[in-house]
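See structure below.
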Amino acid sequence: MERLKVQEGPEGCTFGVHVAPGSRQDAVVGLYGDALRVRLRAPATEGKANQTLRAFLAGQLGVSVDAVEILSGHTSRHKVVRVAGVTAERVCALLRTD
């Protein structure tokens, strides 16, 4: 069974996110490999999906938007993000797996 791969470190939790922009709603819809699969209403143009992803994850995890950083994949559907101020357990709770 696949599980979300989350690395917890001193600067926060790092994990993969697979984004589906241009969807009907913003939602976590499961896993894509070992990454969190997220649908976003924002289009994949001019960084709108990246901004929406940061705001969405911040809201879901109860942190500020500044605490969510996209480390890689700025122009790709697959991104690596780091969220400061949360535990791996909290991130995994987005999937209701714990």
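Of the residues in segment 25-46, at least one is closer than 17 Å to residue 92 by Cβ and among the basic types (Lys, Arg).
Residue 46: surrounded by fewer than 20 Cβ atoms within 10 Å (Cβ to Cβ) and at positive phi, yes or no? Taking the combined requirement at face value, the residue satisfies it. Condition check: touching a residue at least 24 places away in the same chain (Cβ under 8 Å), surrounded by 16 or more Cβ atoms within 10 Å (Cβ to Cβ), β-branched (Val, Ile, Thr) and out of contact with any strand residue (DSSP E or B) (no Cβ under 6 Å at 6 or more places or on another chain). Does residue 14 satisfy that? No: the conditions fail for residue 14. Residues that are of a type in the set (Gly, Ala, Ser) number at least 1 in the following strands (runs of 3 or more DSSP E) confined to segment 9-97: 12-20, 27-32, 35-39, 68-72.
Just so you know, all these numbers are worked out from the coordinates, no wet-lab data involved. Everything numeric in this text was worked out from a predicted model, so none of it was measured. When we count neighbours, we look across all protein chains shown, and the Cβ atoms used for this are built from the backbone with ideal geometry, even at glycine.
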